[in-house]
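First comes the structure, then the notes that go with it.
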Amino acid sequence: MSIIITVSNQKGGVGKTTTSAALASGIFLTGRKVLGIDLDPQGNLGFCLGAGTDSRYTVLDVLKGNVPVEEALVRGDGTCDLLVSDITLSSNGLEKVPERRECILRDAIAPVIDQYEYIIIDTPPALNLLTVNAYSTSDHLIIPMASDILSLVGLAQLKETIESVRNTFNPNFNVLGILLTKFNRRTLLSRDVLDMANQLAGQINTKVFETKIRPGVAIAEAPAHGESIFTYNPNSPAVQDYAEFLLEIATEIHLR
């Protein structure tokens, strides 16, 4: 059975897709069988993992039952298998499904779950039906948060969504922690955000990860070169931070 991890924050620009891609590619590079699922209509996870733009089917085709999940799988360039997305996902019509609409993703990928050791789900910057589907499907949640005050806004709503999913669809849904990105420990702002993030983590019964992700241009450059951040520039401080982050969560997600 796969270990399924969702990366989510309703605030945009916090490093959500970068973190999803780092998890998928980093775990893949350890020799594991990994599937990345892009539930963001921007479709950036597939781009970050080298899927290109010529995929015949998207995750929406799978969610609507137009094609079986096996036919929609694509292989990234030197990375994991993927279910890609595009802008059509933004007007998906899934809210019209009469039954189990919060579990559409879980049902759709059921035929391939046992083929993968890890499944990483990237979500849209919103708390909508797609996000709820990701939470209902997953074992764990990672919440990336940029080191600015605006990134703290809205976590109360996120807490309510997590609790609702636990009470209704997925009682074992676990929040692994909050990952601070764009973090500069030399600035007062980053230290203030860390203090507030620790308080918020306590409210949702989780923690702030010890690893903090520093800003780094290599993170932005790697997708343009069609490479994982770990192969593009392993010496970048930000890339080294993501490598440390994988080590930090290894025990919790049973990664050896």
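Quick rundown of the values:
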item	result
Lone qualifier among Ile104, Ile87, Ile109 - being farther than 22 Å from Ile3 by Cβ and either touching a strand residue (DSSP E or B) at 6+ places or on another chain (Cβ under 9 Å) or not aromatic (Phe, Trp, Tyr) (or both)	Ile87
Among the candidates Thr137, Thr123, residue that is closer than 28 Å to Asp192 by Cβ, buried (at least 24 other Cβ atoms within 10 Å of the Cβ), polar (S, T, N, Q) and in contact (Cβ under 8 Å) with a residue 60 or more places away in the chain	Thr123
Matching residues in region 76-101 - criterion: being acidic (Asp, Glu) and within 18 Å of the chain's Cα centre (by Cα)	Asp81, Asp86
Candidate set from region 154-209 (those that are in a loop (DSSP other than H, G, I, E, B) and in contact with a strand residue (DSSP E or B) (Cβ under 9 Å, 6 or more places away or on another chain)); member that is surrounded by the fewest Cβ atoms within 10 Å (Cβ to Cβ)	Asn205
Given (1) within 25 Å of Met1 (Cβ to Cβ); (2) touching a strand residue (DSSP E or B) at 6+ places or on another chain (Cβ under 6 Å); (3) not basic (Lys, Arg), index of the condition Val69 fails	(2)
Within region 212-256, tally of residues that are within 18 Å of the chain's Cα centre (by Cα), surrounded by fewer than 19 Cβ atoms within 10 Å (Cβ to Cβ) and farther than 26 Å from Met1 by Cβ	3
Residue within region 105-114 that is modelled with pLDDT of 90 or more, in contact with a helix residue (DSSP H, G or I) (Cβ under 8 Å, 6 or more places away or on another chain) and in a loop (DSSP other than H, G, I, E, B) present	no
Scan of region 140-153 for residues that are in a loop (DSSP other than H, G, I, E, B) and buried (at least 20 other Cβ atoms within 10 Å of the Cβ), ordered by number	Ser147
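Here's the yes/no breakdown for (1) modelled with pLDDT of 95 or more; (2) in contact with a Ser or Thr (Cβ under 8 Å, 6 or more places away or on another chain); (3) on the phi < 0 side of the Ramachandran plot; (4) of a type in the set (D, E, K, R):
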| residue | (1), (2), (3), (4) |
| --- | --- |
| Phe47 | no, yes, yes, no |
| Asp61 | no, no, yes, yes |
| Lys64 | no, no, yes, yes |
| Val97 | no, no, yes, no |
| Tyr116 | yes, yes, yes, no |
| Leu127 | no, yes, yes, no |
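The values are calculated or read from the model by the stated rules, or taken from the named source; none is laboratory data. Predicted model, so just to flag it, every value in this text is computed and none were measured. Every residue, glycine as well, gets a Cβ built from its backbone with ideal geometry; the counts of neighbours run over all protein chains shown.
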